[in-house]
Amino acid sequence: MTVIDNQAGVRVHKGVGIASFVIGVTSMILILALFVFAGIMTNAGRATPELNMIIGFGMFFAWAVDVIGIALGIVGAVDRTSKKTFPMLGLTVSTAILLLSIALIVIGLAMKGH
């Protein structure tokens, strides 16, 4: 039996898992950029209601993309014929950034009154 004959048992990285990881990293960069931009504008005194609304829409967009990354990570993790590295990394990154960004916003809103 040669290496070529045993190709059926070899697991490969599939596009769903890789897409989940790329979406997770992209979402993380987008959310980080939005937080940094909001902080810079607030400290400079240039935050307007319109700018805050645009940043809020950007957060909702990033969260929607993040949820897609979570769904792709679950699909990739359930697939028995693929490797699990990228789906699990994508699932972990997407879930962590979603939960951490929501927690940071809740903490920020709670601190606003102080």
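Taking interchain pairs and intrachain pairs at least six residues apart, which have beta carbon atoms under 9 angstrom, with the first residue in the stretch 73-99 and free of Cβ contacts under 8 Å to residues at least 60 places away in the same chain and the second surrounded by fewer than 17 Cβ atoms within 10 Å (Cβ to Cβ) and not in a helix (DSSP H, G or I)?
ARG80/ARG11
From the list ILE29, ILE40, ILE23, which residue is over 27 Å from ASP79 (Cβ atoms), modelled with pLDDT of 95 or more and part of a helix (DSSP H, G or I)?
ILE40
Consider the stretch 58-111. How many of its residues are surrounded by 18 or more Cβ atoms within 10 Å (Cβ to Cβ), part of a helix (DSSP H, G or I) and either polar (S, T, N, Q) or touching a strand residue (DSSP E or B) at 6+ places or on another chain (Cβ under 8 Å) (or both)?
Result for the stretch 58-111: 3.
The values are calculated or read from the model by the stated rules, or taken from the named source; none is laboratory data. Just so we're clear, the structure is a prediction, and the values are computed from it rather than from any experiment. Note that we place each Cβ from the backbone using ideal geometry, even for glycine, and neighbour counts take in every protein chain shown.
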